[in-house]
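For reference, the structure is listed below as structure tokens.
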Amino acid sequence: CVCVCVCFQVRASKNDSNRRSKNWNAWRRVGKDACNFYPKTFLLPSEYESWKKAYRDSKGVWIWKPSASARGMGIKLVTKLDQVSKTKSGVIQSYLASPLLIQGFKFDIRLYVVATSFNPLKLYLYDNGLVRLSTRKYHKVQKHSSDRSRYMHLTNYSVNKKSSHFEPRTDDDFLACTGSKWSLHALWKHLQDDRGYSKQEVLSLQSRIRDIVTKTYISAEDHINTQMAMSKLHRTNCFEIWGVDVLVDSNLTPWLIEVNTAPDMSASSPLDKAIKGSVFTDTYTLVGIPIANSASKSQQVLSKLRSNAAAAKGGGDTDQGVC
């Protein structure tokens with residue numbers, strides 16, 4: 001029996017970042033008052049002139065993200081107009097200059113979302129996640145500044161692991177508030193135990209994050225269902241894991257930063273292995289794929305090999321095979 005599962009989205013296009021932003025803008029058109037959870041965004045190069053006007057009118061800085069990129073490659077803080085090309089494809093967003101900090105460091109939250117259907121829409125949000133810290137203490141940067149350290153402003157693991165101040169995790173303790181990467185459970189504990197936020201404030205933050213996830217996928221619903229129909233794919237043949245990145249500001253307000261259609265699921269630490277491994281096993285359970293116990297299977301194979309070897313040594317015939 002062969003189980004064929006395909007992904008909901010086509011990744012061949014180099015404009016995935018642009019497509020995501022167009023989805024968000026489409027949601028604004030149908031529910032502007034309910035869509036205040038992501039920074040002001042422009043698609044380049046088509047909206048370059050509109051962005052240039054917004055840049056000149058604003059007092060803050062911006063962040064540039066090239067299309068079809070990953071692991072923080074090409075992302076840069078924009079404090080000067082001449083940093084941005086008029087012709088390159090990508091997304092530029094207003095920079096959230098007052099993030100909530102952990103011990104002086106900026107952080108973001110990586111959430112894991114599984115979609116098993118878009119018609120009807122069925123989403124599952126994993127109850128844990130990763131909190132990724134920068135490795136240089138944060139301070140606000142002014143317009144026209146040259147202080148644009150990636151280790152201060154970016155929270156991507158692929159960027160910060162190269163920093164001399166990166167602190168790797170050597171344990172899988174969900175409640176440990178140590179190192180440059182925490183679990184989401186540790187963040188909730190930290191906010192209440194160390195920062196003085198009430199349980200109700202933390203529960204409210206969690207609720208608003210779930211609301212952001214739901215609205216984000218509603219915004220992409222029509223596009224994905226259209227692609228499914230064009231590809232003649234049945235809804236039960238598809239599922240996908242997404243990585244949703246959220247930043248929390250100093251007012252405890254969550255903001256959607258981006259949605260990753262191919263999140264990094266490698267395990268660079270025991271904490272990664274514990275969280276991402278659970279995401280995989282939960283996903284396979286949701287879509288009905290049985291999990292094989294590889295250790296048990298190995299023992300069965302080894303036992304049969306030994307049995308065959310013993311039978312051959314004794315001169316007897318055997319019809320046993322190795323499965």
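Would you mind getting me the FRET efficiency between Asn251 and Lys53? Use the beta-carbon distance for r and R0 = 25 Å, nearest 0.05.
Working: r = 27 Å, r/R0 = 1.10.
Approximately 0.35, to the nearest 0.05.
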Karplus couplings for region 190-198 from phi (6.51 cos²θ - 1.76 cosθ + 1.60, θ = phi - 60°), rounded to Hz, Gly and Pro as x?
4, 4, 7, 7, 9, 10, x, 6, 6
Under a point spin-label approximation (7 Å from Cα along Cα-to-Cβ), what is the Thr214-Tyr197 distance to one decimal in nm?
2.0 nm
How large is ³J(HN,Hα), in whole Hz, for each residue of region 105-117 in order, when computed from phi with the Karplus curve 6.51 cos²θ - 1.76 cosθ + 1.60 and θ = phi - 60°, using x for Gly and Pro?
10, 6, 8, 9, 10, 9, 9, 10, 10, 10, 10, 9, 6
In this structure, the FRET efficiency calculated for Lys40 and Leu101 from their beta-carbon separation, with R0 = 25 Å, to the nearest 0.05, is 0.65
Protection proxy ranking of 95-106, 128-139 - average other beta-carbon atoms within 10 Å, highest first:
128-139, 95-106
Once amide hydrogens are built 1.01 Å from N within the peptide plane, the residues lying 5 or more places from Glu240 or on another chain with amide H under 5 Å from its amide H are Ala115
So, in nm, how far is label Phe174 from label Met265 when the simple model puts each one 7 Å beyond its Cα toward the Cβ?
2.0 nm
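All of the numbers you see were taken from the coordinates with simple rules; none came from a lab. Values in this document were obtained by computation on a predicted structure and should not be read as measured data. Don't worry about glycine lacking a Cβ; one is built from the backbone with ideal geometry, like all the others, and counts go over all protein chains shown.
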